Amino acid sequence: MGKFALPLSLRRNMGNAIYRKDELENKIRVRNMRHKTSVSSEVRARGVYCKTGTGTNTFPPSIKTYGVRIDNTNSNPKTGVEYTDDAVGMTGGSTTWDTLFPFLDIKPCLLKEGVVQYYLNPNNYGQKADGSASDITSGTDGDVMIEIPKMAYSMKTVGNYLYVKVTNNPSPTNNVDGTEDWCFHAHTRSTAGDKEKLYVGAYLGWTDGSSKLRSLSGKAPTATQTIGTFRTRAQANGTGYDQMAFYPLTLLQCLYLIRYKNRNSQTALGRGFVDGNSAATNTGGANTR
C-alpha cells in the first residue's frame, strides 16, 4: 500500500503533522497521526493518533519477521540492500506485499475524535471500502488517516551492516546481555506496546477555521509556522492528538525500506512534487492509484 510508504526525506519534515497524545501527535510540516489505547494516533503537520487496546492483544496466528540488511560500504541505494528472514525471496515494491503482514493490515480510514468512522478503498480514497462515496474533503466525517497495527521493530549495526526488521511477534527476543534489540516505541504511550493501533495523517496538515490541524483532501498544506504553533493546532483536535513523533516516523522508514528494498525513495516511489515548483500543491494528488 504505497499510501503510507513515505520517502526517507520525511525525517526533515516533522512539524505540520497531527498526532493524538493518548493517541495522536503532530509533526513539523502538517501531516496527521493518531495513537489510541485500542487505537492510538499521532499527528505531524500530518497528524498522528494512537489507540490503546483494553483486552488481550491479538496477533496473526503466523509469526513473521521481515527485514533488510544494508551494506554501509555499498553506495548503490538498490544493490546495497538485501532481504533477510521471512523477506528472503521477495521483490522490492512487489504488490505481493499487499497480501502480507504488516501491509495487509495497514488501512486508510476516516478517524473522528479517536474513533474510526469507516475504512476507505485503498485504491481510491474517494470511496469507502464498500465502494460508496466517502467524504474526505469537508472534515464532517473526520480526518483521513492511515491505520497501522502494532508491531515491534529493530535497527542495529553489526560490522559494516545495518539490520532493519519488523515483526508481529508479541514477545520478540532481545539480546542476551539485556540490551534492547526490539521495541514497540511507535505504539507506546505509557508502557511498552500499550497502543494497539497507530493513526498517521494521510496528508500534510491544513489549518481549519477553528485553528485545528486537519488531514483532508484538496487543501493547501499550512506552512511557515513554528513547531510550537503546529503542536498547539494538532492538540486542538482533542485528547491524544499531537505532532508527529520520532518513533512513529522511524517505524514508517523501517516499513519503507522493507517494502521497497531501496534507499532512494525517489527512485522507488517517484520524484514527487519537486521539479520546477515554487509552491506546495493541494493535498489529494495520490488519492487514486
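Here are a few things to note about the model shown:
- From the list Ser217, Ser190, the lone residue that is in contact with a Gly (Cβ under 7 Å, 6 or more places away or on another chain) and either among the polar types (S, T, N, Q) or surrounded by fewer than 24 Cβ atoms within 10 Å (Cβ to Cβ) (or both) is Ser217.
- Thr157, sole failed condition from (1) over 14 Å from Leu251 (Cβ atoms); (2) of a type in the set (Val, Ile, Thr); (3) crowded, with 21+ Cβ neighbours inside 10 Å: (3)
- Of all the numbered requirements in (1) more than 26 Å from Asp98 (Cβ to Cβ); (2) assigned to a loop (DSSP other than H, G, I, E, B); (3) modelled with pLDDT under 95, Thr157 misses one, and that requirement is (2).
- Within the stretch 101-137, the residues that satisfy the criterion of being surrounded by fewer than 18 Cβ atoms within 10 Å (Cβ to Cβ) and of a type in the set (A, V, I, L, M) are Leu104, Val115, Ala129, Ala133.
- Which listed residue is in a strand (DSSP E or B), out of contact with any Asp or Glu (no Cβ under 9 Å at 6 or more places or on another chain) and at pLDDT 70 or above, from Tyr66, Tyr83: Tyr83
- Qualifying residue in the stretch 227-248 (condition: modelled with pLDDT under 95, of a type in the set (Phe, Trp, Tyr) and in a loop (DSSP other than H, G, I, E, B)): yes
- Subset of the stretch 256-281 (residues that are assigned to a loop (DSSP other than H, G, I, E, B) and modelled with pLDDT of 95 or more): Lys261, Asn262, Arg263, Asn264
- Thr137 vs. criteria farther than 18 Å from Gln253 by Cα and either at pLDDT 95 or above or of a type in the set (A, V, I, L, M, F, W, C) (or both): yes
- Residue check, Lys261 in contact with a Gly (Cβ under 7 Å, 6 or more places away or on another chain), over 25 Å from Lys128 (Cα atoms) and crowded, with 21+ Cβ neighbours inside 10 Å: yes
- Test: residue in the stretch 173-191 that is charged (D, E, K, R), touching a residue at least 60 places away in the same chain (Cβ under 8 Å) and over 24 Å from Thr137 (Cβ atoms): yes
- Condition check for Gly240: at negative phi, of a type in the set (Gly, Ala, Ser) and in contact (Cβ under 8 Å) with a residue 24 or more places away in the chain: no
- Residue check for Leu204: in contact with a helix residue (DSSP H, G or I) (Cβ under 8 Å, 6 or more places away or on another chain), buried (at least 21 other Cβ atoms within 10 Å of the Cβ) and aliphatic (A, V, I, L, M): no
The values are calculated or read from the model by the stated rules, or taken from the named source; none is laboratory data. These numbers come from a predicted model, not from an experiment. Heads up, the Cβs are rebuilt from the backbone with ideal geometry, glycines too, and the neighbour counts pull from every protein chain shown.
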